[in-house]
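The structure under discussion appears below in the form of structure tokens.
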């Protein structure tokens, strides 16, 4: 089956709606203040509502890193997202706590992969989160870098959880990924941008079409 597709790092309402109308499966909004794609807390509900208005089934993903208990109100289902993606150093135990504290949300854990052995982290999150996201380790940056995990590292990666691949995802790379892997989903950000958070809608549409051309693609 063709993988699901997530476009991450949206900030403008009109772009978020345009991307949603292209039929992507998930849209990510960044809640990490250090990111150039950061969306302040007060602006997130309107952005998520805009996405839901045109694509109710599209997963609305809030990306955070090492959230504290003091932030829980800003991370709850009431803010408009349906998925909380944890992109920091959260342990399985912390993920378990957040699942209990934030009922109703899907919980995804991002793993930053620096070497093949880092993939072993996946085992600890089985039964704790709903999905994993793999991204390349880059010093002092949590994501959205475009750096790629070598695909040969992932040839024997078969976790018990659904998993998403991030890092340099563009239309022209889909055939290479398709030949090597069968991820649950693909996560694109910098690969479909003109500048941080400014998406190139033509590039997004080309990526959507490339994914739909995957053998045995979803209807």
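The values are calculated or read from the model by the stated rules, or taken from the named source; none is laboratory data. Note that the coordinates shown come from a computational prediction; the quantities given were computed from them, not determined experimentally. Counting neighbours? That spans all protein chains shown, and the Cβs are built from the backbone with ideal geometry, glycine included.
Mind listing just one residue for me: the one in region 52-93 that is free of Cβ contacts under 8 Å to residues at least 24 places away in the same chain and not in a loop (DSSP other than H, G, I, E, B) and, of those, surrounded by the fewest Cβ atoms within 10 Å (Cβ to Cβ)?
The qualifying residue surrounded by the fewest Cβ atoms within 10 Å (Cβ to Cβ) is 70.
Residue 209 versus (1) surrounded by fewer than 18 Cβ atoms within 10 Å (Cβ to Cβ); (2) touching a residue at least 40 places away in the same chain (Cβ under 8 Å); (3) closer than 19 Å to residue 21 by Cβ: which is the lone unmet condition?
It is condition (2) that residue 209 fails.
Does region 129-140 contain at least one residue that is part of a loop (DSSP other than H, G, I, E, B), closer than 30 Å to residue 78 by Cβ and modelled with pLDDT under 90? It would help to see each step written out before you state the result.
Quick first cut of region 129-140, residues part of a loop (DSSP other than H, G, I, E, B) only: 129-130, 137, 139-140.
Still in the running and closer than 30 Å to residue 78 by Cβ: 129-130.
Retained after the next criterion (residues that are modelled with pLDDT under 90): none.
Taking every residue of region 129-140 in turn, none turns out to be part of a loop (DSSP other than H, G, I, E, B), closer than 30 Å to residue 78 by Cβ and modelled with pLDDT under 90.
Does residue 167 meet the test of being under 19 Å from residue 25 (Cα atoms), modelled with pLDDT under 90, touching a helix residue (DSSP H, G or I) at 6+ places or on another chain (Cβ under 6 Å) and surrounded by 17 or more Cβ atoms within 10 Å (Cβ to Cβ)?
Working: under 19 Å from residue 25 (Cα atoms): yes; modelled with pLDDT under 90: yes; touching a helix residue (DSSP H, G or I) at 6+ places or on another chain (Cβ under 6 Å): no; surrounded by 17 or more Cβ atoms within 10 Å (Cβ to Cβ): yes.
Answer is no for this residue.
Matching residues to (1) closer than 17 Å to residue 166 by Cα; (2) out of contact with any helix residue (DSSP H, G or I) (no Cβ under 8 Å at 6 or more places or on another chain):
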| site | (1), (2) |
| --- | --- |
| 94 | no, yes |
| 100 | no, yes |
| 105 | no, no |
| 108 | yes, yes |
| 112 | yes, no |
| 123 | no, yes |
| 133 | yes, yes |
| 136 | yes, yes |
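Taking the residues in region 1-18 that are part of a loop (DSSP other than H, G, I, E, B) and in contact with a helix residue (DSSP H, G or I) (Cβ under 8 Å, 6 or more places away or on another chain) as candidates, determine which candidate is farthest from residue 32 (Cα to Cα). It would help to see each step written out before you state the result.
Kept after step one, since they are part of a loop (DSSP other than H, G, I, E, B), are these residues of region 1-18: 1-3, 9-12.
Pick out the ones that are also in contact with a helix residue (DSSP H, G or I) (Cβ under 8 Å, 6 or more places away or on another chain) and you get 2-3, 9-11.
Numbers: 2: 30, 3: 26, 9: 11, 10: 13, 11: 13 Å.
Only one residue tops the list, namely 2.
For region 94-105, what are the residues that are at negative phi and part of a loop (DSSP other than H, G, I, E, B)? Full working, then the answer.
The first filter runs over region 94-105 and keeps only residues at negative phi, leaving 94-103, 105.
Answer for region 94-105, where residues must be at negative phi and part of a loop (DSSP other than H, G, I, E, B): 102, 103, 105.
Regarding region 32-40, can at least one residue be identified that is surrounded by fewer than 16 Cβ atoms within 10 Å (Cβ to Cβ) and at pLDDT 95 or above? Explain how you work it out, then say what you get.
Filtering region 32-40 for residues surrounded by fewer than 16 Cβ atoms within 10 Å (Cβ to Cβ) gives 33-34, 36, 40.
Checking which are at pLDDT 95 or above leaves us with 40.
There is at least one residue in region 32-40 that is surrounded by fewer than 16 Cβ atoms within 10 Å (Cβ to Cβ) and at pLDDT 95 or above.
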